[in-house]
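One structure is given here, and the rest of the page talks about it.
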Amino acid sequence: MPLYTIATRKPLPEQMRFDIAQVITDVHCGLTGAPTEFVNVIFMTGYHMRRGAVLGLNGNVRMGGDRNADLYQRLQADMHRRVAEAAGLEQARVFVKLIGVEPHWVVEGGMILPPPGEEAGWLERKNAVHAEMGIASA
Amino acid sequence: MRSLIAIQEGQITLDQIKELEAMLRQHYAQHIGPHKLTVLWNVAATHHTITDREWSRSSNVTMEVPDGLPEDQRQHFLETLDRSWRKVTGQHPDQTSFGAFDQSRYREIFKANFERFSAYGRISFLTKTLTRAMLSKARHGVMITQFNQ
């Protein structure tokens, strides 16, 4: 988490998929401070978009913690602009929607996810737990 | 109740999928309740998923649970499921994600993820998914479909 899914009618080239995922990771982590290892991006093809759109981006992102409405607005606006650029599309052809998700209902790395803003302590605890279990870094 | 599972192409064998689904149903019945659970596997094509800036080897499992499920019960269920899953697949803990969402929230999130599609797109998506899932169920005993249609 976050889980970003990108839907298009036709497949995007592999390099463009990779580049868009880097942009999404840059924007998300740059604005929220979340670690890059949290960010997942899935590309889906064969979908008919709503009128005017060529690419539909949904972001299921953790809510609460140190995030407020202003941050979500900036995240939505920056994501919209940067993903449109990376895909070579006008912003009007890109649909972006962020969906808030409760972090304490999700387990990743074997542990319940932290509220936004408490990632550093969570990562330390997770690495310590993995070390105790003899699990190396992924 | 529904469970949607995203995996990577070529990562988990059909036998493992069957074993994982049986395990998921068993844990769900034991920790959550005797609800009918519909499990849909969604396979991402090679090089269509990225985690932590690299092509992904991750699996993502989401489930509906009854509204208001106590947090300690939910947490114990998710952690138990995570451990059991990794025993079957051998994945690193950083390569798995498990979510148990109140049914009402799950519906909201599911619906919000459909807003980008046209009306035809929604119908087409559901028809394709259902058709593929039913064919897979008849052939393999589990419902498997693909992100890339």
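The values are calculated or read from the model by the stated rules, or taken from the named source; none is laboratory data. On a predicted model such as this, the values are computed, not experimentally measured, just so you know. Here the Cβ is made from the backbone with ideal geometry for all residues, glycine too, and neighbour counts use every protein chain on show.
It is to be established whether one or more residues within the range A:98-114 are touching a Lys or Arg at 6+ places or on another chain (Cβ under 7 Å) and more than 14 Å from chain B (Cβ to nearest Cβ).
No, the range A:98-114 contains no residue that is touching a Lys or Arg at 6+ places or on another chain (Cβ under 7 Å) and more than 14 Å from chain B (Cβ to nearest Cβ).
Quick one: which strands (runs of 3 or more DSSP E) sit completely within the range A:24-138 and have at least 3 residues that are modelled with pLDDT under 95? Break it down stepwise before answering.
Numbers: elements: A:40-45, A:55-62, A:94-101, A:106-108.
Fully inside the range A:24-138 and qualifying: A:94-101.
I need the full set of residues from the range A:64-76 which are in contact with a helix residue (DSSP H, G or I) (Cβ under 8 Å, 6 or more places away or on another chain) and more than 14 Å from chain B (Cβ to nearest Cβ), in order please.
Of the residues in the range A:64-76, the ones in contact with a helix residue (DSSP H, G or I) (Cβ under 8 Å, 6 or more places away or on another chain) are A:64-65, A:67, A:71, A:74-75.
Correct list: A:G65, A:R67, A:L71, A:R74, A:L75.
Can you tell me which of A:M79, A:M49, A:M44, A:M16 is out of contact with any helix residue (DSSP H, G or I) (no Cβ under 6 Å at 6 or more places or on another chain), in contact (Cβ under 8 Å) with a residue 24 or more places away in the chain and more than 9 Å from chain B (Cβ to nearest Cβ)? Walk me through how you get there before you give the answer.
On the way: A:M79 fails: out of contact with any helix residue (DSSP H, G or I) (no Cβ under 6 Å at 6 or more places or on another chain); A:M49 fails: more than 9 Å from chain B (Cβ to nearest Cβ); A:M44 fails: more than 9 Å from chain B (Cβ to nearest Cβ).
Criteria check complete, one pass: A:M16.
Going by what's in this entry, would A:H130 be described as within 14 Å of another protein chain (Cβ to nearest Cβ), over 22 Å from B:W85 (Cβ atoms) and more than 20 Å from the chain's Cα centre (by Cα)? Reasoning before the result, please.
On the way: within 14 Å of another protein chain (Cβ to nearest Cβ): yes; over 22 Å from B:W85 (Cβ atoms): no; more than 20 Å from the chain's Cα centre (by Cα): yes.
No; evaluated as a whole, the condition is false for this residue.
Out of B:I17, B:I12, I need the residue that is under 13 Å from the mean Cα position of the chain (by Cα), touching a residue at least 40 places away in the same chain (Cβ under 8 Å), crowded, with 17+ Cβ neighbours inside 10 Å and more than 14 Å from chain A (Cβ to nearest Cβ). Which one? Break it down stepwise before answering.
Working: B:I12 fails: under 13 Å from the mean Cα position of the chain (by Cα).
Step by step, each of B:I17, B:I12 is checked, and only B:I17 is under 13 Å from the mean Cα position of the chain (by Cα), touching a residue at least 40 places away in the same chain (Cβ under 8 Å), crowded, with 17+ Cβ neighbours inside 10 Å and more than 14 Å from chain A (Cβ to nearest Cβ).
Output the residues belonging to the range A:23-41 that are of a type in the set (S, T, N, Q), free of Cβ contacts under 8 Å to residues at least 60 places away in the same chain and out of contact with any strand residue (DSSP E or B) (no Cβ under 7 Å at 6 or more places or on another chain). Let's see the steps before the verdict.
Here is the first cut: in the range A:23-41, the residues of a type in the set (S, T, N, Q) are A:25, A:32, A:36, A:40.
Within this subset, residues satisfying the condition of being free of Cβ contacts under 8 Å to residues at least 60 places away in the same chain are A:25, A:36, A:40.
Those that are of a type in the set (S, T, N, Q), free of Cβ contacts under 8 Å to residues at least 60 places away in the same chain and out of contact with any strand residue (DSSP E or B) (no Cβ under 7 Å at 6 or more places or on another chain): A:T25, A:T36.
Among the residues of the range B:108-148, how many are at the interface with chain A (Cβ under 7 Å from one of its Cβ atoms) and of a type in the set (D, E, K, R)?
Initially, the range B:108-148 is screened for residues at the interface with chain A (Cβ under 7 Å from one of its Cβ atoms), giving B:109, B:112-113, B:115-118, B:120-121, B:124-125, B:147-148.
Narrowing the set further to residues that are of a type in the set (D, E, K, R) leaves B:115-116.
Of the residues in that region, 2 qualify.
Under 6 Å by Cβ, and 6 or more places apart or on different chains, what pairs join a residue from the range A:108-125 that is farther than 22 Å from A:L71 by Cα with one that is surrounded by 18 or more Cβ atoms within 10 Å (Cβ to Cβ) and among the β-branched types (V, I, T)?
As it stands, the answer is none, since no pair meets every condition given.
What about A:E90, is it farther than 30 Å from A:S137 by Cα and surrounded by fewer than 19 Cβ atoms within 10 Å (Cβ to Cβ)?
On the way: farther than 30 Å from A:S137 by Cα: yes; surrounded by fewer than 19 Cβ atoms within 10 Å (Cβ to Cβ): yes.
Here the answer is yes, as A:E90 does meet what is asked.
Read through the list (1) at the interface with chain A (Cβ under 9 Å from one of its Cβ atoms); (2) surrounded by 14 or more Cβ atoms within 10 Å (Cβ to Cβ), then give the number of the only condition that B:S84 fails.
(1)
Select, from A:V107, A:V41, A:V61, the only residue that is more than 15 Å from the chain's Cα centre (by Cα), buried (at least 17 other Cβ atoms within 10 Å of the Cβ) and not small (G, A, S).
On the way: A:V41 fails: more than 15 Å from the chain's Cα centre (by Cα); A:V61 fails: more than 15 Å from the chain's Cα centre (by Cα).
So the residue among A:V107, A:V41, A:V61 that is more than 15 Å from the chain's Cα centre (by Cα), buried (at least 17 other Cβ atoms within 10 Å of the Cβ) and not small (G, A, S) is A:V107.
Taking only the range B:28-44 into account, find how many residues are more than 21 Å from B:K137 (Cβ to Cβ) and touching a Phe, Trp or Tyr at 6+ places or on another chain (Cβ under 8 Å).
Residues flagged as more than 21 Å from B:K137 (Cβ to Cβ) and touching a Phe, Trp or Tyr at 6+ places or on another chain (Cβ under 8 Å) within the range B:28-44 amount to 2.
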